[in-house]
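A.B. asks: Attaching a single structure in structure tokens format; questions to follow.
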Amino acid sequence: MILSRRQAWVCAIATLSLLSLAVWSYGWMREQKVAAHHAMADLRACQRLAAEIVALRRVPTIASTETMGVKELGDRIEQASSRARLDLSTLEGTFPQTARRLGDSPYLQKPTQLAFRGVTLSQIAAFLYHIGQDASLTVSQLRLSTPRGKAAAHTWDAQATLTYLIYSPPKKARKSL
Amino acid sequence: MSGHFMVIIACPRWRVARVVDGEVEAATIDGEADATVEQRADVAHQRLVDWGYAGGPILLALASSSCLCATIGTDDLERGGRRQAMGYRLEECLPISCEDVIADYVEAGHGQALGVCAETEWLRSIVGAFESVGVPVGPICPLALLAAADVLEQHPDAGGVLIGDGEVGRAYDLVELRGDRPARWWWHTADHAAVWTGVAGLSTESDRPLRLALLGCPSLVRDDARSIGSIELIETETTGQDTAGTRHAARLLAHGALPWIDLRRGALAAPGRYEVYRRPVLALAAAVVVLLVCASIAMHLHGRQYAALTDELRQEQVAVYRQATPDAGLVDVHFMERRLQSVKNQLAGLGGRAIGANDPNSLVPASALEHLYDVISGLPQDLRFRILDLDIQPERIIVDGEARSHIEAERIAGALRQTGLFEVDPPKTQSLTGHEGVSFLFSAKPVDPGTRPKEGGRR
């Protein structure tokens, strides 16, 4: 016999142990390699996304993420009327309407109607120009009517609809169990 | 039957023997009486080579004077360590120590075994001397037992063998045979009385006459044997123990059979046929161990390098994330990509690119203010008319007014049509009651901006 039985058992156990150690080491090394590959892939993805975010931040926004508050709208009306030299007493009222979704898009269109009495064409045009300077607000509808009753000449009754977009992706419906 | 050789280790000189064409040839090795074992082995090797020895194991036959023997009881020996137990029994019968001798045993039946031993170091020196000259040693057997085995081969019913050393009669071996095995063995030196006492003792132990073979005994001994009534002499053709022993040795070597007693065992055991592979196998095993250890270390180090690289990449990822979202809180690295994707989607949505539209502004309705400008600037300047109601909607413009005549109402609508900015329907007109003039009502549809005629100047 090349080796005694005891020697053979010791050799076999030692070889098996070392082989197990080698296999475990290989498995651990593979895990680390895979983790490094994933880390590299994640980094590249994050770098790409970061570059896209930087580019998108330069793009003018045409929507907002939430409904414009009453105070904010009031502030804008006040500023625009001040610039247009429009007396706010001519503003008969503001009538916010229900937001509606644009088709299957993630956008909601929120209209708000403004009603004016006895304003000149230049006043209403200037007012609408100033309030529409914000890219997020658009004058989507305008109606000019000759006023009733004893109104000054060259004045109009105006109804303007201001519209702004809200970015609101629809929530994914949960699958029922 | 050439190719099988035997060397008889005897004092004062060794002998070599072989079987050629059925005939035994033996020769005494020349040399000084005080030559060393190595010198004798070298001379023996030369003689063997002269006889055509070309390698292969030889059989060493020991003279009886080199061996000690005893018949021991084996009935109450335990199974485990039987050989060791028989060694202790032999120790009780002989002036030896088990550690100093090589012993072998042959079961003789009736709860007895014949044990034979010889000095270990003496045998080792002889074996080493032959192996150093390139002669491998096979079995090591007492010559007397080889000769007795040859006699038994020819006369299976022999009950004993008396072996002498020729006409000289200096020493005798008496071997009791029981069945096909030796049971007892005596060696006497020139003591005829002791020899015949032993023979007589053997002959009286059985009811039947003892069938005794004489081998190499002088004629005087033969005559004495014939005179004992309880002995039947067996006539053998073999002249002496050398011849008989050599013949049996050749049979053993030729067929690879096991002799009764083989002292090439234990500490003197012949190397196995795989012994030559021992060193390379051990070297290979050591190499495998070293390889596995080195591979494990290398893979572990490699793994640590990958781990360090992973840490580095993750830190860089955190830096990129912080730079892209300075206001956002830190999240786990595995969620950073998803978070950045969410930020990107939101920014794209705020910029009107959420649905992948090339022109985000297509989401924004056309400004009514622009349509107002287009309408006012498109109305004719050379006509008198009054607009009562101007309703500008995203897809349609309705003009309600009064003109002096149907034709002028038509011209008003036509003026707007001619701007190319509107698709104008023919006006509906109606005469006014109570005063001159007509009321008109028409609708216009803003033309797609892409098909509008280019205009110079800013509005």
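The values are calculated or read from the model by the stated rules, or taken from the named source; none is laboratory data. Predicted model only: the values in this text are computed from it and were never measured. Ideal geometry is used to build each Cβ from the backbone, glycine not excepted, and the neighbour counts take in all protein chains shown. What goes into the accessible areas is simple: the full protein's heavy atoms, side chains included, and nothing from ligands, DNA or RNA. Shrake-Rupley method; radii C 1.70, N 1.55, O 1.52, S 1.80 Å.
A.B. asks: At a 1.4 Å probe, what is the % contribution of carbon and sulfur to the accessible area of region B:137-242?
C.D. replies: Looking at region B:137-242 in its full context, I get 49 percent from C and S.
A.B. asks: While we're looking at this one, here's another question. Please work out the ratio of the alpha-carbon Rg of region B:266-390 to 2.2 N^0.38 Å and round it to two decimals.
C.D. replies: Normalised Cα radius of gyration, region B:266-390: 2.89.
A.B. asks: What relative contact order, as a whole-number percentage, does region B:322-408 give when Cα pairs under 8 Å and 6 or more residues apart are counted?
C.D. replies: For region B:322-408, the relative contact order is 16 percent.
A.B. asks: Find the relative contact order for chain B and round it to a whole percent, using C-alpha pairs within less than 8 Å whose residues are 6+ positions apart.
C.D. replies: 11 percent
A.B. asks: On to the next question. Find, to one decimal place in angstroms, the Kirkwood hydrodynamic radius of region A:53-97, where the mean of 1/r is taken over every pair of different Cα atoms and then inverted.
C.D. replies: Taking the inverse mean of 1/r over all distinct Cα pairs, region A:53-97 comes out at 13.1 Å.
A.B. asks: Would you compute the Debye intensity of region A:6-138 from its alpha-carbon atoms alone, equal scatterers and no solvent, and pass along log10 I(q)/I(0) at q = 0.13, 0.19 Å⁻¹ to two decimals?
C.D. replies: -0.78, -1.12
A.B. asks: Find the eigenvalues of the gyration tensor of the Cα atoms of the protein assembly as shown, then list the square roots of 5 times those eigenvalues as equivalent ellipsoid semi-axes, largest first, in whole angstrom.
C.D. replies: After scaling each eigenvalue by five and taking roots: 138, 22, 21 Å.
A.B. asks: Helix-only mean residue ellipticity at 222 nm, chain B, DSSP H runs n ≥ 4 weighted -39,500 (n - 2.57), per residue, nearest 500. What is it?
C.D. replies: Numbers: 11 runs with 178 residues, N = 459.
It lands at -13000 deg cm²/dmol.
A.B. asks: Take the Cβ-Cβ distance between B:Arg82 and B:Arg304 as r, set R0 to 56 Å, and report the resulting FRET efficiency rounded to the nearest 0.05.
C.D. replies: Here the calculated transfer efficiency is 0.45.
A.B. asks: What angle do you read, to the nearest 10 degrees and between 0 and 90, between the alpha-carbon axis of helix A:121-131 and the longest principal axis of chain A?
C.D. replies: 20 degrees
A.B. asks: In the protein assembly as shown, what % of DSSP beta bridges are antiparallel (nearest 5)?
C.D. replies: So the antiparallel bridges amount to about 85 percent of the total.
A.B. asks: If you fit an axis through the alpha-carbon atoms of helix A:5-57 and take the longest principal axis of the Cα set of chain A, what angle between them do you get, 0 to 90°, nearest 10?
C.D. replies: Roughly 20 degrees between the two axes.
A.B. asks: Now for a different question. Could you calculate the contour length gain from B:Gln323 to B:Leu383, that is, 0.36 nm times the residue separation minus the distance between their Cα atoms, to one decimal place in nm?
C.D. replies: Between B:Gln323 and B:Leu383, full extension yields 15.2 nm more.
A.B. asks: Could you identify which residue out of A:Leu162, A:Leu18, A:Leu56 has the top mean-square fluctuation in a GNM of chain A using Cα springs shorter than 10 Å?
C.D. replies: Most flexible of the set in this elastic network: A:Leu18.
A.B. asks: Over chain A, what relative contact order in percent results from Cα pairs under 8 Å that are six or more residues apart? List each step's numbers first, then the result.
C.D. replies: Details: 201 pairs, mean separation 38.1, N = 177.
Answer for chain A is 21 percent.
A.B. asks: Determine the equivalent ellipsoid of chain B by diagonalising the alpha-carbon gyration tensor, then write out the semi-axes as square roots of 5 times the eigenvalues, largest first, rounded to whole Å.
C.D. replies: 136, 23, 22
A.B. asks: So what's the net charge close to B:Tyr321: Lys and Arg +1, Asp and Glu -1, counting the other residues with Cβ under 14 Å from its Cβ?
C.D. replies: Net local charge, B:Tyr321 excluded: +1.
A.B. asks: Where is the GNM fluctuation largest for chain A (alpha-carbon springs, 10 angstrom cutoff): A:Ala125, A:Ala63, A:Ala36?
C.D. replies: The residue that fluctuates most here is A:Ala36.
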